4 protein chains.
Amino acid sequence: MIALGQNSYGKSRVRVMKVKRHPGHHDVRDWTVEILLEGDFQSCFTDGDNSRILPTDTMKNTVYSLARSSTAECMEEFGKELVAFLLQRNPQVSVARASISEKTWEHLSMHESTHPTTFVQLSGECQTAEVIANRSDAPTVRSGFENLVILKTAGSEFVGFIKDSLTTLPESTDRLFATAVKARWNYLSPTVPFGALRCKIRETLLRVFAAHKSKSVQHTLYAMGEGVLADVREIADIELTMPNKHCLLVDLSRFGQDNPNEIFVPIDEPHGYIEAHLRRQD
Amino acid sequence: MIALGQNSYGKSRVRVMKVKRHPGHHDVRDWTVEILLEGDFQSCFTDGDNSRILPTDTMKNTVYSLARSSTAECMEEFGKELVAFLLQRNPQVSVARASISEKTWEHLSMHESTHPTTFVQLSGECQTAEVIANRSDAPTVRSGFENLVILKTAGSEFVGFIKDSLTTLPESTDRLFATAVKARWNYLSPTVPFGALRCKIRETLLRVFAAHKSKSVQHTLYAMGEGVLADVREIADIELTMPNKHCLLVDLSRFGQDNPNEIFVPIDEPHGYIEAHLRRQD
Amino acid sequence: MIALGQNSYGKSRVRVMKVKRHPGHHDVRDWTVEILLEGDFQSCFTDGDNSRILPTDTMKNTVYSLARSSTAECMEEFGKELVAFLLQRNPQVSVARASISEKTWEHLSMHESTHPTTFVQLSGECQTAEVIANRSDAPTVRSGFENLVILKTAGSEFVGFIKDSLTTLPESTDRLFATAVKARWNYLSPTVPFGALRCKIRETLLRVFAAHKSKSVQHTLYAMGEGVLADVREIADIELTMPNKHCLLVDLSRFGQDNPNEIFVPIDEPHGYIEAHLRRQD
Amino acid sequence: MIALGQNSYGKSRVRVMKVKRHPGHHDVRDWTVEILLEGDFQSCFTDGDNSRILPTDTMKNTVYSLARSSTAECMEEFGKELVAFLLQRNPQVSVARASISEKTWEHLSMHESTHPTTFVQLSGECQTAEVIANRSDAPTVRSGFENLVILKTAGSEFVGFIKDSLTTLPESTDRLFATAVKARWNYLSPTVPFGALRCKIRETLLRVFAAHKSKSVQHTLYAMGEGVLADVREIADIELTMPNKHCLLVDLSRFGQDNPNEIFVPIDEPHGYIEAHLRRQD
C-alpha cells in the first residue's frame, strides 16, 4: 500500500512590479512571488480529480489583481494579504504560504538630490519575506535577506584548531574574512514595522561584523546574531548562514618576491559553510 | 539570554575526479562533495575556542585522501566511508553528513563500440546521494537526481479545475507537459546495490511518465511514484518535485493563421510547482 | 561633431517550440531566436523619428507566424526564410541577421524502441545557426555548436614549453585533457543538407579528439579542424574554441599516500583558452 | 590544403585580490584577468612543437607576480604593464591583450564615516578594461562597464512606428524604460586619468538617461552617447548596448479592475536589443 505524505503545489517566480505615482515622484516595488498551498488534494493525486484544484495560473492572476487593490507598503504586508485571500476563497486549503523576494530600485542620486522617476538597481543583495497561514493561528512572518557580500581585511584570525594527519592549513593571525550573509528572523508579533526593523537588523549585522575581533566565522556569526537579538526586541530568533569565501595568500617566494598579506586569490569553490540558529531564551 | 540552537558547519563544493586505470580502459568518477558536521561546538561560537574545530580545509583534504584509499564504486558507498571516517576521528562530532553530486562522463560511442579512454559529459542531469550518520544508528542513505528534463506532447489534459473570478486559464484536453524531475528516495537498508536501483528507478519514472494518461501534474507525479514503489522493493519512500514548465499556445488568429496545437512559447517564469512524498504503508 | 557608426537593433531570446504531429509520432523543435537589423535608422537615433522602425515586438510575432507557415526542417532553413521575409517587407533594412540556437529533445528510449510522443532533453550541448542576408548577395549561413564537454584520460602530454623565472608548471607526459568545444563553420553554398553535415562534423571532431596523440590543446584542435575540412568538402572553414578545463593532480604525499595519476581536482577558474580559425586554401 | 587563420591563446578568469595596507585604512582591488596572445605559433598547431609556447599557467603566475610589484592604481594601468611585460619577454608574441574586470568593494558606511577595513560588494555592475599592444604602436586602451541596471518610470514613449499585418504592440505615450547598460569607449591618448574619466562618463550617462524625453531606446541611447562625447573630451568614441528589458502592463480589466500604468510584469525574455557606436567626427 502507498500513502501520500507531505505535499504542496503552487506557482513560482511570479514577477510583479508596482509603480506608485505620487505627485512629484514615483516609487517602485519589484517582487518575485511564490505561492504554495497545502490541503485536501488526495483525490487529485490518486484519481485525477481536479475539482478542488485552484490552477496555479489563477494564483498568478491573484498576485497581479491583489497588487493593484492592495495598499501594502512592504512584502510582509502583501504576503499577509495574499495568504488570507487564498485561505478565505479556498476552503480545501489548510495552509497557504507566500515567499517574496525583492529587487531594490533606488532613486538615482544626483549631486545633492535624487531624481524622482529614475531608478538604479543594486542587484547583488536580495530582500526576502515568507508568510505562512493556516485556519487557526495568526500567520507567521519570517523576513530576511540573501547575498550581502562583505569583507574584513583586519581583525580576523584562525588559530588553535585541531591538527591531525590530514591538516595542511597553517594558523593565521591576520587573514581575510569574506562572506555572503544570508539571514532569516521571526517576529514575536505579526504586526510590527517590518521595513524599519529590516534596516536596523542589517545595520547591526554590519556594525558587529566590522567591529568584531574574529577568532573564527562561527565566533563572528554568533556575535552578529547576539547583537541583533540585543538591539531588536521585536524578533524571536535569527538564523545566519555565512559561507567562508576563501581568499588564498599567493606564495610569491617561488618568484623571489615577498607577499606581506597583500596578494590573494579569491576562490568560489570549495568554500566553508557555517550556519547557526540563535534564539531568545527566557 | 541567547541560546545557540541548531547549527552545523563544513565544506561545500569540494570537487574530486577519480580516474580508474583498468587494463584496456579507464573509468571516471566526477563528484562534488559537501560535508556538514554537528556536535559540541558551543564554545567556538561563544568564546572563539577553536580547540574542537576540525578545519573545513582538513575536511577537503579528507575527501582527497579517502578518494585515493577508498574502493567505493558509487557515491553512496563513498559517502558512508566519509561520514564513518569523520565520526571515528572526531569525538566532538555527533552527526556527520555527506552530500555528493555526480557529473556523469560516458565513454564516447563510436559506431559499434565505445572508446576506452575518451568521455563525453551529459551535463543536464545530476545524480545525488546523501549519507547521514550519528553514533548510535546505522547511517541513513538517500539517493536521487535532479534536472531530468522531459516532455510529453500527447496524453496530457487539464480540465475540471476550479473556476472563479480570477480564472483566465482555458481547459485543455491536449496540452504539452514539460517538467524537470527532481527525485529523492530512502532505502530500507543501507546495503543495497545503489547503482542498479538508481537505474531501475529512473527507468520506471520515465516509463510511467510516457504511458500515463495525465489529468494533471499531480496525477502523473503520483503514478510515477507509485510505479517506483511497486517496482523497487528496496526503497521506503520517494519524494518527487515536478515543476510545470509551461509551453503557451500562441494565438496566431491575430495574423489570420490557425494554430492546431503546433506553435508554443516555452517560458521559464512563472512556473507551476508540484511536490509530494509517497511512502510505503504497511 | 558626432557621427553614428555601426549600429543594429532587434529582438533577443525569442523562444518558440514547434510540435509536428505526424501519424504515429511527433517531432519537436525548440529554438531560441535572435533577430538583428541594420539599415537606414539615423533619424531614429538623432530625432526620435520611429517611422522606419519595425518594433522588436513585431519581430517576435514574425518568428511565431513564420514558424507556423514554414516547412523548414532545420534552423538554417528557418533562418534563411526569416531574413528573406524581413528584408522583403522592410526596404529600410540593408542587413538582416538571424541567430538561432536549439535545445535538442530526443524521443525517449524504451528497451528496443523509442516512445513516439515522449521526449528527453540533453541539455548540456547547444546547436547553433546564423544566417546573414543583404540585398545583393546570397545569404551566408554559419552553423555550429557550443559546450560539447569532452575528456581524454590517455594520449595527452604537454612538454617542451618555455621555462622562465615565472614557470611553476611541471612537464607532463600523461595528463587529463578536458574541454568544452565550441565550433563554427561556413558553407561553400547556402543549399546543403545542413543536418547531415552537422552530424558528420560533430562525429569527426569526436573521432579525431579520441584518437589524437595530443602534444597540446593547440595540436589537437588543429588536427580536429583538419579532419573536418578533409571529411566535409561542403564547408569552407572551421573555427574552434577549446578552453583547457584543468584537472589538477592532488599532492597526496603530504598524507603519506601516492597518487598514480588517479585523484584530480577539476577547476573552473582559471582556465586555458585556445581558439583558431582553419580554412581551406586553394 | 589547410591554412591556419586567426588564432590566439591564453588564460581566462585569473582572479587576484590586492589589499593595500595604508596607515589607518586599507584598499582592495578585486580583478579577474584574461590574457590572450597572438604570434608565431604555427608549428605548435601543426607539429606539436611547444618550444615557443609560454604556458598559460605561467601567464597566471605573471598576473600574481606583477600584481605584487606593480604600483598601478587602476585596471588600465595594470593592463598596460601586463601586456608590456609579456611582449618584452616573449619575442614570438606579436600582440598581447589583457582584459580585466573589477568587482567593486566599497568601504562600509557607518553613520557619518566609513569603516577603514570593512568592505561591502556592490555586485551587480562590473567595471571593465582592455589593453591591446603590439610591437610598433602605443597600446590601445578601451574602458567600460557592464550591467548598469536602470529604470525610468516617466518621460518615455514609443509611437509612430511601422504598423503591418504582424503588429500587435500598441503605441504608448507613457511606458516604463528599463535597461542594463553596457558601455565601451576608447581614449584619444593612453595616458589619461582613467578612474576620474570613468566616473564622469558613468555620471553623464545616468544624468542624460534621467533627463531625456525618450521617443525610443535608440533615441535615448544616442543622447547618452552624445552627452558623453560632449562632456569628456579625452575619449574618441563610445559604444553603447542597451537591451530593452520589457515591463508589460497587466490587463486587469478581466478582473473588473483598472490599471492606470501601475501594475507591470517584468520579463527577461524575449528582450529588445539596441547597440550603436558613436564617434567624434572632425
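The values are calculated or read from the model by the stated rules, or taken from the named source; none is laboratory data. Note that the coordinates shown come from a computational prediction; the quantities given were computed from them, not determined experimentally. No Cβ is skipped: glycine too gets one built from the backbone with ideal geometry, and neighbour counts run over all protein chains shown. For the accessible areas, the whole protein counts, side chains as well, though only heavy atoms, and no ligand, DNA or RNA atoms are used. Shrake-Rupley method; radii C 1.70, N 1.55, O 1.52, S 1.80 Å.
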Discussion item. Condition first: at pLDDT below 95, in the same structural domain as C:V83 (by TED's automatic domain parsing) and outside any helix (DSSP H, G or I). Can you find one or more residues in the stretch C:26-39 that meet it?
Written reply: no
Worksheet item: Only one residue in D:L4, D:L54 is at the interface with chain C (Cβ under 8 Å from one of its Cβ atoms) and in a strand (DSSP E or B), so which one is that?
Response: D:L4
Item to complete: Only residues in the stretch A:118-134 that are closer than 16 Å to A:E81 by Cα count as the first member; pair them with residues that are open to solvent by less than 20 Å² (accessible area, probe 1.4 Å) and among the basic types (K, R), Cβ under 9 angstrom, at least 6 apart or cross-chain, and list the lot.
Response: none
Worksheet item: Any residue in the stretch D:36-53 that is touching a Lys or Arg at 6+ places or on another chain (Cβ under 7 Å) and acidic (D, E)?
Response: yes
Practice prompt. Mind listing just one residue for me: the one in the stretch A:123-153 that is β-branched (V, I, T) and at the interface with chain D (Cβ under 8 Å from one of its Cβ atoms) and, of those, nearest to A:K20 (Cα to Cα)?
Written response: A:V149
Worksheet, complete the sentence: So the strands (runs of 3 or more DSSP E) completely within the stretch B:183-282 holding 3 or more residues that are farther than 25 Å from C:R13 by Cβ and facing chain A (nearest Cβ under 10 Å) are B:235-241, B:271-280
Practice prompt. Go through the stretch A:164-179 and count every residue that is within 12 Å of chain B (Cβ to nearest Cβ) and among the aliphatic types (A, V, I, L, M).
Written response: 2
Item to complete: Report, by residue number, each residue of the stretch D:174-201 that is of a type in the set (S, T, Y) and surrounded by 18 or more Cβ atoms within 10 Å (Cβ to Cβ).
Response: D:T179, D:Y187
Discussion item. So in the stretch C:81-122, with the set limited to residues that are out of contact with any strand residue (DSSP E or B) (no Cβ under 6 Å at 6 or more places or on another chain) and at the interface with another protein chain (Cβ under 10 Å from one of its Cβ atoms), which one is nearest to C:T32 (Cα to Cα)?
Written reply: C:L122
Worksheet item: For C:R15, are the conditions met, namely being of a type outside the set (S, T, N, Q), on the phi < 0 side of the Ramachandran plot, part of a strand (DSSP E or B) and at the interface with chain D (Cβ under 7 Å from one of its Cβ atoms)?
Response: yes
Worksheet item: Assuming B:L54 fulfils every condition listed in (1) surrounded by 21 or more Cβ atoms within 10 Å (Cβ to Cβ); (2) free of Cβ contacts under 8 Å to residues at least 40 places away in the same chain; (3) within 22 Å of B:C126 (Cβ to Cβ); (4) of a type in the set (A, V, I, L, M) apart from one, which condition is it?
Response: (3)
Practice prompt. Assess whether C:V149 counts as being in contact with a Ser or Thr (Cβ under 7 Å, 6 or more places away or on another chain) and assigned by TED's automatic domain parsing to the domain that holds C:I238.
Written response: yes
Worksheet item: Picking from D:D258, D:D251, D:D268, which residue would you name as being within 28 Å of A:W31 (Cα to Cα), in contact with a strand residue (DSSP E or B) (Cβ under 8 Å, 6 or more places away or on another chain) and among the acidic types (D, E)?
Response: D:D268
Worksheet entry | Hey, C:E38 crowded, with 20+ Cβ neighbours inside 10 Å, acidic (D, E) and more than 9 Å from chain D (Cβ to nearest Cβ) or not | no
Worksheet item: Only one of D:V14, D:V28 is touching an Asp or Glu at 6+ places or on another chain (Cβ under 8 Å) and within 22 Å of D:I100 (Cα to Cα); which?
Response: D:V14
Fill in: Meets criteria (in contact with a strand residue (DSSP E or B) (Cβ under 6 Å, 6 or more places away or on another chain) and open to solvent by 20 Å² or more (accessible area, probe 1.4 Å)) for A:I2
yes
Item to complete: Please state which one of A:E171, A:E157 is in the same structural domain as A:M224 (by TED's automatic domain parsing), free of Cβ contacts under 8 Å to residues at least 24 places away in the same chain and of a type in the set (D, E).
Response: A:E171
Discussion item. Going by what's in this entry, would B:V192 be described as in the same structural domain as B:A236 (by TED's automatic domain parsing) and within 30 Å of B:P260 (Cα to Cα)?
Written reply: no
Worksheet item: Take the residues of the stretch B:1-40 that are of a type in the set (D, E, K, R) and touching a residue at least 24 places away in the same chain (Cβ under 8 Å): which is farthest from B:L108 (Cα to Cα)?
Response: B:D40
Discussion item. What pairs come out if I take residues in the stretch A:185-212 that are farther than 23 Å from B:D47 by Cα and free of Cβ contacts under 8 Å to residues at least 12 places away in the same chain and pair them with residues that are open to solvent by less than 70 Å² (accessible area, probe 1.4 Å) and of a type in the set (S, T, Y) whose C-beta lies under 9 Å away, six or more apart or interchain?
Written reply: none
Discussion item. Return the residues of the stretch B:245-261 that are open to solvent by 20 Å² or more (accessible area, probe 1.4 Å) and not polar (S, T, N, Q); say none if nothing qualifies.
Written reply: B:K245, B:H246, B:C247, B:L248, B:L249, B:D251, B:R254, B:F255, B:G256, B:D258, B:P260
